[in-house]
């Protein structure tokens, strides 16, 4: 049975939203007014979640009388409840009296129309529903009693998938205490007789156990015909609206490759494998099974928004093969519960001013230049999205993932500094410019309460200010959110082909909303005009959409003061730099062309339509004469709107940047970014036949194949690092072939995830064009990968010479090492000292207790570089989905 997301399970309060069942629906539909006249208003007041010390509510006011140029709804709280923030209305409170008024963008209310708003409030344990309301001072009540809460049969889940000759179960309870005993019957009312109820009938509920769920089992006889059996079962009781449960048999693999996908899926989902942590039935993927691993995340049991997007991909593919979509919905629920900040995580968004989105802070190339000062004198542009999004979705919150979570609370930050480990903790690492390697970061919480770090927490390591406020802030990795949208599109297409699109309609709608907010990645960091933007003071502030580059930038971010602030505030920024590897034409296509994914906002779909064209042009502009795709472009040279070198090529006025954003190591040298992006281009080309994508692939695919080798016995090598020479020509709308831009593959490796992604790319290309070399190379890669199957998945050993940096002190001559200003001191939650002598390992002393630390310690003491076999979650999913892609495109 679905239950409200609770503070105990998630460690944070949920975002407001509709409930899924009636038991938590407290309705006050109050007909009102004098007996001889129609009631002036009706009010639907719903407590959407209550966690014992606070609650969120949704209120719908319907104007039953004449048009109102302005409206104000009033009520009294009976138990000292205190409103802390609100959305879609201006809410003020004086003692127990509360008044909600129409927001500035919609102050009036027409006759017969409704307005919905929400709020969050604190309470001391009692939380009765207000018993009366006034509209513009006129009482909505009459002498009638409000109707009782609706009594409903609670059934979860409403869709079952079971193996042939197998069983599956759903649960039944009542929404409210009945007056007497209730008998609930379950019977098959439509469909195959090979599916039947396989549990005692009827179910009995009374005043003592009405809210205790009882289980009903559906069994398959396995005697159905060629098609999987499907049936509907009706749950009914006298005086209750019946509920229909759909049950169907799981389909089976149609090829050896699909069966190998299912084998890989079972390994990944096996609790003993260690890819997930289970939080009360919701699974959270780790970055890797192993804990001692340092790359973008600095610990294996951290997780990323990237990992969540791959989790969705795994479950969507499983749904395509088996027709079981419950795991996909569960993955989205987990992502929303843990990776998307909820109401309590971003509490002061109502104070955000779109006309002044953020205070400008210059970036620096070197971490040693930090903290950097705030410069309020630099004028920023206007945010054109905020009002449209809040008006569309009825909240000032942002629906996007934060990129990094500490799943096991290894650092000890907990929820907003409380140190608890009952849910993943939001934290961050990178904060100090493009040369800050992961080896040089100081981990810090996303919710800064000054509980840890120095006197001002960690803030004065990054920004130089006269005073510091307790605050929250999150950073979105657009590549991950775009992949989540892409996967939701695939899931929708696959489920629709099965006739099961309703199974995932809610998740797909949320993907559409996520895509709507993802547009923040299309805008310059400070909403300045895009194109020839030089000088922080002189580059004009943007108005409307002239601050949009329509590409997917490296990040967007948002933050604000904690609720305890005397003067609440909030901010948002976009991203000025776009990397080729983050572009996702599949997401842009889904959000602009597919009805189920088109955003609800007025301009969202149009923006994504522009983005689709712009991304394809961007890749054409960056494609070298060899075929590889170069780095990217920026609207803010070196992060300060600087003057680029003379002759720097441009793309719609943005400056070519060989290694945008990330310099240590250079962000353009990893072949993985090539595969991640071009796989999406290849899939888009297969689905649409767009010749622009085809032209890009016709050059890229032969280059990739020429630099890939596959031998026997599992021997293979794919490109690892690349070196670039020259630059593209300035973009004028048509590709020149870029004779002055070249790339050379300088090293190879056996990265199993990238090899699998390359195989998928080649399969999409072959399916679209009939190219035999592509399919042959893809199949050879898949077969080679399967030679490396082990107990936990597909993996190969790798030598980590870079682990010499574990104990690097800061070196001012090279800029390497963890820089902490002289005189700055603080502590990590476990007591690790942070000062100018700190190293990567010294502020992460937990690593010295890791079972694999011995190899690293030997290396630091002069021994050989350590060798590890890592099982990265995203790489295992890439292998699994590559196997399934072969089954989808080429059959048995």
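If R₀ is 35 angstrom, what is the calculated FRET efficiency for the pair residue 732 and residue 769, using the beta carbon separation as r and rounding to 0.05?
It comes to 0.80.
Compare the peptides 740-746, 527-533 by average per-residue count of other Cβ atoms within 10 angstrom and give them in order, highest first.
527-533, 740-746
Hey, any idea what Rg/Rh is for the range 270-317, computing Rh the Kirkwood way over Cα pairs?
We get a ratio of 0.97 for the range 270-317.
Going by how many other beta carbons lie within 10 Å of each one, how would you line up 730, 761, fewest first?
Ranking 730, 761 by Cβ neighbours within 10 Å, fewest first, gives 730, 761.
Of 416, 41, how do they rank once you tally other Cβ atoms within 10 Å and put the fewest first?
416, 41
Any chance you could tell me what percent of the C-alpha pair distances in the chain go past 58 Å?
That tail contains 10 percent of the Cα-Cα pairs.
For the range 293-341 and the range 507-575, what is the centre-to-centre distance using only Cα atoms, to the nearest Å?
The two parts, judged by their Cα centres, are 26 Å apart.
What shape does the range 26-139 have by the C-alpha gyration tensor, where a ≥ b ≥ c are the square roots of the eigenvalues, rounded means a/c under 1.5, and otherwise prolate means a/b greater than b/c and oblate the rest?
Prolate is the answer for the range 26-139, as a/c is 1.5 or above and a/b outweighs b/c.
Can you give me the Cα centroid spacing of the range 835-882 and the range 482-501 in angstrom?
Value for the Cα centre distance between the two parts: 37 Å.
In percent, how large is the relative contact order of the range 256-337, given Cα pairs closer than 8 Å and 6 or more residues apart?
22 percent
Relative contact order of the range 797-869: what whole-number percent is it, with Cα pairs under 8 angstrom and at least 6 residues apart?
Relative contact order here is 37 percent.
What nm distance separates the two modelled labels at residue 543 and residue 867, each placed 7 Å from Cα along Cα→Cβ?
Here the modelled spin labels are 6.5 nm apart.
Run the helix sum for the chain: -39,500 (n - 2.57) per DSSP H stretch of 4+ residues, divided by residue count, reported at 222 nm to the nearest 500 deg cm²/dmol.
The helix-only estimate for the chain comes to -7500 deg cm²/dmol at 222 nm.
Given the peptides 329-335, 818-824, 711-717, arrange them by the average over their residues of other C-beta atoms within 10 Å, most packed first.
329-335, 818-824, 711-717
For the peptides 485-497, 74-86, 207-219, what is the packing order when you average, over each peptide's residues, the other Cβ atoms within 10 Å and list the highest mean first?
Result, highest mean first: 485-497, 74-86, 207-219.
Can you pull the semi-axes for the range 153-249, root of five times each eigenvalue of the Cα gyration tensor, sorted largest first, whole Å?
In descending order the semi-axes read 27, 11, 10 Å.
Across 10 Å bins from the origin, how do the percents of Cα pairs in the range 797-869 run, short distances first?
Calculated P(r), rounded to whole percents: 19, 44, 30, 7, 0.
If you rank 252, 857, 306, 867 by fewest surrounding Cβ atoms within 10 Å, what's the result?
867, 252, 857, 306
So if each residue of separation counts as 0.36 nm, and I subtract the Cα-Cα distance between residue 593 and residue 122, what length gain in nm does that give?
Using 0.36 nm per residue and subtracting the Cα-Cα distance, I get 165.3 nm.
Binning at 5 angstrom from zero up to the longest distance, how are the C-alpha pair distances of the range 710-863 distributed in percent?
2, 7, 10, 10, 11, 13, 12, 10, 10, 8, 5, 2, 0, 0
Per the Debye formula with a single identical scatterer at each Cα and no solvent contribution, what log10 I(q)/I(0) holds for the range 441-539 at q = 0.15, 0.16 Å⁻¹?
-0.86, -0.89
Each value in this text was obtained by applying a stated rule to the coordinates, not by laboratory testing. Keep in mind the model is a prediction, meaning the values are calculated, not measured. Here the Cβ is made from the backbone with ideal geometry for all residues, glycine too, and neighbour counts use every protein chain on show.
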